[in-house]
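Quick notes on the structure that follows.
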Amino acid sequence: MELLIDLVLLAMLALTALRIIFLKDLFAVVMLFSIYSFLSALIFINLDAVDVAFTEAAVGAGISTVLMLGTIAITGRTETPPTKSKLLPLLIVVVTGAALIYGTLDMPPFGHADNPVHEHVAPRYIEESPKEIGLPNMVTSVLASYRGFDTLGETVVVFSAMIGVLSLLRLRKRDADKNPESGIKAHRVLQVIAKIVIPMIILFALYVQFHGDFGPGGGFQAGVIAAAAFILYALVFGLSNVFKVVGPKFLRILAVFGVLLYAGVGVYSMAMGGNFLDYNYLAENPLSGQHYGIILIELGVGITVFAVMLSIFYAFDSQIERANIQ
Amino acid sequence: MSFIADYYNYWIVVFLMMTGFYIVISASNLVKKVVGLNIFQTSVFMLYISMGKVKGGTAPILTEGAAQYSNPLPHVLILTAIVVGVATTAVALSLIVRIKEEYGTVEENEFEKKDDAI
Amino acid sequence: MIEQHLAALPIILPLIAAPIALILGRSMLTWAFATLVSALSCIASWQLLMTTLSDGALSYALGGWPPPWGIELNVDVTNAFVLLAVSAMSTLVLIYSKDSIEKEINASNHSLYYTAHLLCLTGLSGMLITGDAFNLFVFLEISSLATYTLVSLASDRRCLTATFRYLVMGTIGATFILIGVGMLYMKTGTLNMADLSTKMAAFESNRTLNTGLAFIMVGVSLKLALFPLHMWLPAAYTHAPSSVTAFLASTATKVAVYVMIRFIFSVFGASHVFETMSMEIILMVLAIVAIFKCSYMATVQSNVKTLLAYSSVAQIGYMVLGISLVSVPGLMSGLIHIFNHALMKGALFMAVGAVFYRMGSVNIEAFKGLGKKMPLTMAAFTIAGLSIIGVPLTAGFVSKWYLVTAALEQDLWIVAALVLLGSLLAVVYIGRVLEAAYFQEPPESQGAKNIKEVPWLMLMPMWILVLANIYFGINTGLTVEAATSASQWLFQGYNPAGVAL
C-alpha cells in the first residue's frame, strides 16, 4: 500500500514538474509549484518525516507561493517566448543527470533497516535521546540539542534574509498610510470569516510552538503559522490597519530579540561552565536543563521566524500597493 | 525486480531534480527561474528523506509498541535546508521586484539588451 | 574561560553582534561597534593561530555533545591561518567603509550594510572552522545571503542583475554541495568530517562516493569562481560597492579555496582524489586556462574594477595550480598565495574605491593624471600592483617564487614557464592603469576640478595593506612557517609512491 501511494505521488510530481517547463502563464506556474510542494509534503508523510512535511506545506505551499504571487502581481504574468537555444541547458542537465544515476548505482537499497545511515550516528538519537533529553519527539531533540548549532545557523539565515529584503524593498510606514483604503473591505463575508479564523490560527500557532516537544511542530512552523494569521489580516483589512497592531520597526526588534535569545542561551551556558549551547548546565539537573534550553531556543526561533516572515510580507505588500497607486 | 524496487525512488527523485535544474538554466523569465530553483531544492530534500526511511518503521516520535523508527537525522537536516531555501527565495524575489522597477522587464534576454555589456 | 572557548569566538562574536548592529541606529555608532567586534575576532584568530602552531589542532564540541553526534569545531594551522587573513581583512575594510560607503550606499541602508558585513564574517568564519559537512552548508548560506545583500546595496542598477546572476549560480553551487554531502552521508552514516574520512577509507572505490566527490567539487568550484564557472564574478565585483568588493575579493573566494582543500585532503584523502580519480590533471588544466584567459580578459577592460575582477579569477588559478601539483611545496605556495593575494587585492580595490570617492568613476579615463593629484592612493595602487605582478620584495614575489620552485621540483618546466608568462600579462594590465595615472594628462574638462586625497580613514587601512605587502615580501617567517606546517599536516599519511589500491 505504501509503495502504491509512493508511486502515485511520485508520478504526479513528475507530471507537475514537466508541465511547468512548458507553461508560459506564470500564475499557473506558481500554482503548479504550490501543488508540487503539497505533493512533496505528502511524500514526506509517507516516508515518516512528519515534521518536514509540516514545514514544507507551510513554507513551500504557503509563504513561498504567497511571495511568488506577490512578485508576479508586480512583474506581469506571462513569460515571453524564449529566444536562446535550449540545446546547451539540455546537454548540461543530461550530463548531470547521468552522473547522478551513476551515483545511485552504489547507493544502499531504499528502506532497508541495515543501511549505513541507520547504523552509525542515528541509533543514539533514537535509543538515548528520550533518556538524555527527555523528549518523545526525536526530531526536536536532534534539532534543538544535538545539532542546536545548525538551528542557530538556520535562525541567522532567516535573519539574513530579512536584511536582504529590507535593503532591497524599502519599507516605510508612510507608504501604507498613503493608501488607507487597501484590503478587500467590500467583502463582508470575508471580513467576518477572517475575524473568526484569525484567533484560531494564532491559538494553533501557540499549540504548535509549545507542543513541538511531543508531536510534530516547533518554533519554525509556529512562527510561519502565526505570521500567516497576520498576513490574512493584512489581506482583508489592509496594510495600514495591520501596521497599527505590529509595525515594521517593532518586527525588526522582535527579529533581533529572537536571534539574541537563542545565542544568549548559548552564552549563558558558557557562563555556567559548559560549552556553547550545552543545556545540561542551565539547571541543577541536566534533564531539566535540556528542557529549559529547548523551550527557550524554540521560542527564539519562533519569534525570529514570525517577525522575519511578516516583515518580508510587509515589504512585498507595500511594494504592490505602491505599484497600484502609481 | 528487487533491483528496481530498491532504486526506483532514487531514480524518480533524480529525474525531478533534473527537471528543476533544467528550468533554472533554460528559463529566461526570472520568476520561473526561481520556481525552478525551488523545485530543484525540494527534490534534493526528497533524496535526503528517502534515505532516512526504514520500511515498516514509524515517524521518529516515541510511541508505545513501535519497534522501528525512521532515521530522524535527515529530517532535521532538511528542516534546516527548507528554511534556507525560503530565505534564498525571498531575497531572489525581492531582487526581481527591484529589477522590474529599474529595467521594466524581468526577461533575461531583454534586460541584457538594455544594459551595456560588462 | 576565554581560553576554553577560544575556538568558538570567531563565530559567536560576529553572530551576536550582527543583530545588535541592526538596532543601534546611528551610523557612526554602528560603524565603531562593528569594527570593534571584527577586531576582537581578529585577535581571537591570532591567538588561535599561535595556539595551533605550538600545541596542534583544537576541537570544540558544541552543545557539549561529543562528535560525531554533535557538531564539532576544528581549528588547525591551516584554517587558523586563513581565518586570520579573513578577520584582519574584515577589520580593515570596516575601517575603510565609514567614508567609502557615504558616497556609494544610501544613508538609510548604512546599518543594514554593517549588519550584513558582520553576518558575512560569521558565515565565512563558520565555513572555515566547522568540522561538520552539513554545518558547512548552513554557514555557506549565511555568508552567501549576506553577500547578495552587500552586492545589491550599490546605487547602480546593474548591481541588481549582477546579484541575481550571482544568487542563481551560488544557490546551484550550494545545492550541488548538498547533494554531494547527502551521498557521503548515505554511505557512511555520519556528517562529521574527521569521521567521514575514517569511514570512507574502508571503501576502495565506490560509485556513490565518487559522484558525491564530483558534486562537491563542482559546487565549491562555482563558489570559488574556478574557470569556467567564474561567470558571476566579474559582474558582481564590478557593480558592488567598493568596500564590498575589497572585502569579497580578499576573503570569500579564499574561503572557498580552503573548503576545496579541506574536502580534498581531510575528507576524501589526497591519495583517493589524486591517485584514484586523477583530479589533479583537471584542476591543473583549468587553472592554467584561467590564468591566461582571464589575465588576457583583464588587459582589454576599460573599467578598472572589472579589470581587477578578471585578475582575481586568474589569481585563483595560481592557488588551484598550487594544489594541483600534489606536493607539500605546491600546496604551501597555494596557501601562501591565499594570504598574500588577500593583501594585494584588498589594497588594490581600496585604492580603486578611493578613486571612485573623488572622481565618481572607475573607468581608466578617470585615472589620467591622478599620480599627481592623489599621490598616496596611486602609490598604494602601484605597490600593490607590483605585488600582483610578482616583483621582488613584495608579497606577490614570495607566492610566485614558491609556486615556481614547487613546479621545478617535479620537473614541470612548462608549468613554471607558464606561471612566469602569466606574470607578463599582469604587467600589461597593471601597466595600463599606471600609465594613465602617471604619464597621461587629465582631460581638459577635469583639469580645473580640484581633486584632493581621500580622508585618512580610507588611506590608513589601504596603507596598512601596502606595508603588509612589503613586510611579508621581505620577512616571510610567519607565512612560510604557518603554510609549511599546514601543508605538512594536510599531507600526513599521504605517500604518493606506494599507494596500495
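The values are calculated or read from the model by the stated rules, or taken from the named source; none is laboratory data. Given the structure is predicted, the values throughout are model-derived calculations rather than measurements. Because the Cβ atoms are built from the backbone with ideal geometry, glycine has one as well, and the counts that use them run over all protein chains shown. Side chains included, ligands, DNA and RNA excluded: accessible areas come from the protein's heavy atoms. Shrake-Rupley method; radii C 1.70, N 1.55, O 1.52, S 1.80 Å.
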Measure off 7 Å from each Cα along the Cα-to-Cβ vector at A:ILE193 and A:ILE325, then give the distance between these two points in nanometres to one decimal.
3.1
State the number of lysine pairs found in chain A whose Cα atoms come within less than 23 Å, restricting to pairs 8 or more positions apart or on distinct chains.
10
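Taking the Cβ of C:ASN206 as the center, what net charge do the other residues with Cβ under 13 Å away carry, scoring Lys and Arg +1 and Asp and Glu -1? Can you show the working numbers first?
On the way: positive: C:LYS187, C:LYS199, C:ARG207; negative: A:ASP106, C:GLU204.
Local net charge: +1.
Please grab the % of Cα pairs in the protein assembly as shown that end up more than 59 Å from each other. Can you show the working numbers first?
Values: 21613 of 446040 pairs.
The share of Cα pairs beyond 59 Å in the protein assembly as shown comes to 5 percent.
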If each residue of separation counts as 0.36 nm, what is the full-extension length gain between C:SER59 and C:LYS452 once their alpha-carbon separation is subtracted?
136.4 nm
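Between C:GLU409 and A:ALA11, what FRET efficiency comes out of the Förster formula 1/(1 + (r/R0)^6) with R0 = 45 Å and r the beta carbon distance, rounded to 0.05? Mind dumping the intermediate values first?
Details: r = 59 Å, r/R0 = 1.30.
Approximately 0.15, to the nearest 0.05.
With all protein chains present, how much of the accessible area of the protein assembly as shown (probe radius 1.4 Å) comes from carbon and sulfur, to the nearest whole percent?
67
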Set of lysines near C:LYS400 by C-alpha distance (under 18 Å), chain-local residues within fewer than 8 positions excluded
C:LYS254, C:LYS345
Vicinal HN-Hα couplings computed from phi for region A:253-262 (Karplus, 6.51 cos²θ - 1.76 cosθ + 1.60; Hz; Gly/Pro x)
5, 4, 4, 4, 4, x, 4, 5, 4, 4
By how many nm would the segment from C:MET460 to C:ALA201 lengthen if fully extended, with 0.36 nm per residue of separation less the alpha-carbon distance?
88.3 nm
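How much length is gained on full extension from A:ARG77 to A:ILE92, taking 0.36 nm per residue of separation minus their Cα-Cα distance?
Value of the extension gain: 2.6 nm.
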Ellipticity estimate at 222 nm from DSSP helix runs (n ≥ 4, -39,500 (n - 2.57)) divided over chain C, nearest 500:
-25500 deg cm²/dmol
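How large is the accessible surface per residue of chain C, computed with a 1.4 Å probe and reported in Å² as a whole number?
On the way: 14870 Å² over 501 residues.
Roughly 30 Å² per residue, with all protein chains present.
Of B:LYS100/C:LYS98; C:LYS98/C:LYS373; C:LYS103/C:LYS223; C:LYS103/C:LYS452, which sit over 20 Å apart, Cα to Cα?
B:LYS100/C:LYS98; C:LYS98/C:LYS373; C:LYS103/C:LYS223
Which order do you get for B:TYR69, C:TYR296, C:TYR258 if you rank them by accessible area with a 1.4 Å probe, largest at the top? Write down the numbers at each step before the final one.
Values: B:TYR69 25, C:TYR296 120, C:TYR258 5 Å².
Ranked from most to least accessible, the order is C:TYR296, B:TYR69, C:TYR258.
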